[in-house]
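Undergrad: Below is a structure I'd like to ask you about.
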Amino acid sequence: MKLKGLVWFFTIALTVISVWELSYTWIVRNYESKVRVQAEKMVKREAANLSADDREKLIEDKVQHILDSTKDKSLALGTTYQKAKENELNLGLDLQGGMSVTMDVSLQGLLKSLSNNPKSPELLKAINTATAEKVDSEENFITLFSNAFIKQNGTGKLAGLFAGPGKEVKINDNDNAVISKIQETAKGAISQTYKILQKRIDKFGVAQPTINLDVNKGIINVELAGIKDPERVRAYLQSSANLQFWEVYRINEIGEALQNADKNLQNYLNGIAENDSSKLKDTTLAHQNANPFFKVMMPIDVQTGPDGKQYYAPAIGNVMLQDTGKFFSYINNDVVKHALPADLKFLLGEETKNDKGNARFFQVYAVKMVPGTEKAPMEGDAVAEAKQDHNQEGKVVITMQMTPTGTKTWSRLTGKNVGRPVAISLDDIVYSAPNVINQIDGGNTEISGQFTVEEAQDLAKVLTSGKLEKKKKIVAEQEVGPTLGKEAVRGGMLAFLISFGVIFILMLVYYNTGGWVANIALILNLVFTLGVLTALGFTLTAAGIAGLVLTIGMAVDTNVIIFERIKEELKKGKNYQQAVADGYRRSLAPVLDAHVTSLLTAIILAYFGLGPVLGFATTQIIGLLLSLFCGILVSRLISDVWTNRKRHFNYFTKISEKIF
């Protein structure tokens, strides 16, 4: 056998990689089982008289709480639960339950908000026509609208409906130019909606959500495996984006309050009452709970600019990614709230990495709510339009135009905060906190900074997201309960084990000790397939299990062809070593032919298929490629190693000789 060393290398490498990747799944399952037992004991001890449904719900809550609080706990192989969960073998909706939704991003509100007259009869008639035609059309909504408007009102009239001071559309633009600009705005709005959904879905705690965007059709497909509260997910996904503009506290203004909050929290964790002046005698506990708030939120002190002047950053501190859960539990604690101003609200910025890329953290902003409410001084509907631009110096900026009502609110807000930052947040995530240089009266605003063109475009999309009224409506939904998921797993595994067991025994009965070669190759093929699926982040579905079963058949077929050729050579009187060599050589063509034709079919299914079809095709493609490797190369390697030691496998049994 040629290139034996290379075959050894790939066999060992695939074995190590597959075992390593599948170990994450074992670690997660083992740890979650232990946590489940722990939660059941806690519920039995604390609430033994609950009904079965209430007890199960309480157990699930306890399990989730324990898993959340120990996600950074080191488990086997030096990995944490969070890391193991992210790297485990993903199971689809049909195997673990969850929900799948198809969302339509409605653009009717976008067209109304971009127009000069949202109540224009011509506009509303064209929108209604486009809405009716969209049901049976493959065209995007903006194309349908523009075709309907031109057909109903004639050419050259779109600019008059959408042009205006500070707007992207100009009065002298032709219809094609107007349509192109609206298309770009619509695509940006849909893409921004997609990004917002991604951030929202991250909050559900789903390890590997599947989110697919079709920009042209305005359709977003979302699959959330393992979701236990569909109503909450449904409401949260369809809610509008919440763009807000905030006044900001700086660290020097609330430093004393933060110190009092830290002290109160320290006493609370040590079990000391709020007005108790006694000291804690347990020095170990005192050291462990010293400055708990500032351990989690690291304050940002006064900064020095390039000109040597000192200033305070808009953010008051940083929180590491692994400490965010603890941070939110602290700021929601009453002893912390009582020490802080009543109008203060904490918001996090976007996730940031340090220069080395090995630490992930969020900046913390302390914003001011309108007294007596949780609202911001200005909401997103005040923004008429925002876009990326360049100033006179050629620097990348964002220009923003306010609505008439927004202009007045913006003037008051900027006038009150000259020389101070104003935080811009979307869904309680701060995207920017520019400094106000002068009061802005006219509604035209320029936001400058060290932006790249892409960063400026993204921020412009964020700024328009509150105005464009992109309603997200669920147009198709499928829920799979955890019970049905477990039944699918049980049924799929039973079918898989029965087929595997029957073939395993049949190979031994029919091919004697040669059957062990086929069975070892078969086991390696399955381990490699699951390992590669896990490593590449693919999701295993019920259709994928069907693909695995079919792969078993193809893998066995490979060995059947090879062994029959070897038996033919042995009947010709050749010795075992020569018979094995000739058998593998003669069987190569039919084995490759069978695999290539199946592989081409699977590739076509993967290219055009979605959902279960794609899952089946993906598993089959990986399984077929590994079947070739294991069936031809690995099995030959095993045979050569055995026969080189002056031994050989038997390929005949009394049963096979009598039957054939």
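Undergrad: Would the stretch 377-470 count as rounded, prolate or oblate if I go by the C-alpha gyration tensor, calling it rounded below 1.5 in a/c and otherwise prolate when a/b exceeds b/c, oblate otherwise?
TA: It comes out rounded by the Cα gyration axes.
Undergrad: Here's a follow-up. For a Förster distance of 41 Å, can you work out the FRET efficiency between the beta-carbons of N117 and H390, rounded to the nearest 0.05?
TA: 0.85
Undergrad: Continuing with this model, one more query. Report Rg (one decimal) and Dmax (nearest whole number) for the chain, counting Cα atoms only, units Å.
TA: So, for the chain, Rg and Dmax equal 32.3, 101 Å respectively.
Undergrad: Going by average Cβ density within 10 Å per residue, which order do the peptides 169-181, 412-424, 507-519 take, highest to lowest?
TA: Highest-to-lowest ranking by the protection proxy: 507-519, 412-424, 169-181.
Undergrad: What do you get for the angle between helix 251-269 and the principal long axis of the chain? Use alpha-carbon atoms, 0 to 90 degrees, nearest ten.
TA: For 251-269 against the chain, the angle is about 50 degrees.
Undergrad: Going by average Cβ density within 10 Å per residue, which order do the peptides 65-76, 574-585 take, highest to lowest?
TA: Descending packing order for the listed peptides: 574-585, 65-76.
Undergrad: Now for a separate question. Output the Cα-based Rg and Dmax of the stretch 1-145 in Å, rounding Rg to one decimal and Dmax to a whole number.
TA: 27.3, 80
Undergrad: Also, quick follow-up: Taking Cα pairs under 8 Å and at least six residues apart, what relative contact order does the chain come out at, in percent?
TA: Taking the mean separation of contacting Cα pairs over the length of the chain, I get 17 percent.
Undergrad: Sort out for me the Cα centre separation of the stretch 157-200 from the stretch 505-572, rounded to whole Å.
TA: Using only Cα atoms, the two centres lie 56 Å from each other.
Undergrad: Next up: Treating only the Cβ atoms of Lys and Arg (+1) and Asp and Glu (-1) as charged, compute the dipole magnitude of the stretch 487-610 about its Cα centre; round to the nearest 20 debye.
TA: Here the stretch 487-610 has a charge dipole of around 320 debye.
Undergrad: Can you pull out the GluC sites (Glu not before Pro) in the stretch 372-440 whose DSSP state is coil and whose Cβ has at most 13 other Cβ atoms within 10 Å?
TA: Filter output for the stretch 372-440: E374, E393.
Undergrad: Right, next: Kindly rank 445-455, 78-88 from highest to lowest mean number of other beta carbons found within 10 Å of each residue.
TA: Order by mean packing, descending: 78-88, 445-455.
Undergrad: Here is a further query. Which of rounded, prolate, oblate describes the stretch 283-361, given a ≥ b ≥ c as roots of the alpha-carbon gyration tensor eigenvalues and a/c under 1.5 marking rounded, otherwise prolate only if a/b is larger than b/c?
TA: prolate
Undergrad: If you stretched the chain out fully between E379 and S69, how much longer would it get, using 0.36 nm times the residue separation minus the C-alpha to C-alpha distance?
TA: Result for the pair: 108.1 nm of gain on full extension.
Undergrad: Assign unit charges at the C-beta atoms only (+1 for Lys and Arg, -1 for Asp and Glu), then state the dipole size of the chain relative to its Cα centre in Debye, rounded to the nearest 20.
TA: In total the dipole reaches around 1820 debye.
Undergrad: If you place +1 on the Cβ of every Lys and Arg, -1 on the Cβ of every Asp and Glu, and leave all else neutral, what size is the dipole of the stretch 537-660 about its Cα centre, to the nearest 20 Debye?
TA: With only Lys, Arg, Asp and Glu charged at Cβ, the dipole is about 640 debye.
Undergrad: Continuing with the same structure: Kindly provide the pair-distance distribution of the stretch 503-608 built from C-alpha pairs, with 5 Å bins from 0 and whole-percent values in order of increasing distance.
TA: 2, 11, 17, 21, 19, 13, 9, 5, 3, 1, 0
Undergrad: A further question on this structure: Tell me the per residue accessible area of the chain using a 1.4 Å probe; a whole number in Å² is fine.
TA: Accessible area per residue, the chain: 53 Å².
Undergrad: Against the longest alpha carbon principal axis of the chain, how many degrees, from 0 to 90 and to the nearest 10, is the axis of helix 121-134 turned?
TA: Approximately 10 degrees, to the nearest ten.
Undergrad: Here is a further query. Between the stretch 288-350 and the stretch 1-79, what is the C-alpha centre distance in whole Å?
TA: 33
Undergrad: Excluding residues on the same chain fewer than 8 positions from K4, give the aspartates and glutamates whose Cα lies under 15 Å from its Cα.
TA: D640
Undergrad: Could you look at the chain and say what percent of its accessible area is carbon and sulfur, using a 1.4 Å probe and all protein chains?
TA: Summing carbon and sulfur atoms, their accessible area is 55 percent of the total for the chain.
Undergrad: Could you pull out every residue, at least 5 positions away or on a different chain, whose amide H is within less than 5 Å of the one on V436? Hs are placed 1.01 Å off N in the peptide plane, and Pro or chain starts have none.
TA: The list, which skips near neighbours in sequence, is G419, R420, V422.
The values are calculated or read from the model by the stated rules, or taken from the named source; none is laboratory data. Remember, it's a predicted structure, so these values are computed and weren't measured experimentally. Ideal geometry is used to build each Cβ from the backbone, glycine not excepted, and the neighbour counts take in all protein chains shown. All accessible areas refer to the heavy atoms of the entire protein, side chains included, with ligands and DNA or RNA removed. Shrake-Rupley method; radii C 1.70, N 1.55, O 1.52, S 1.80 Å.
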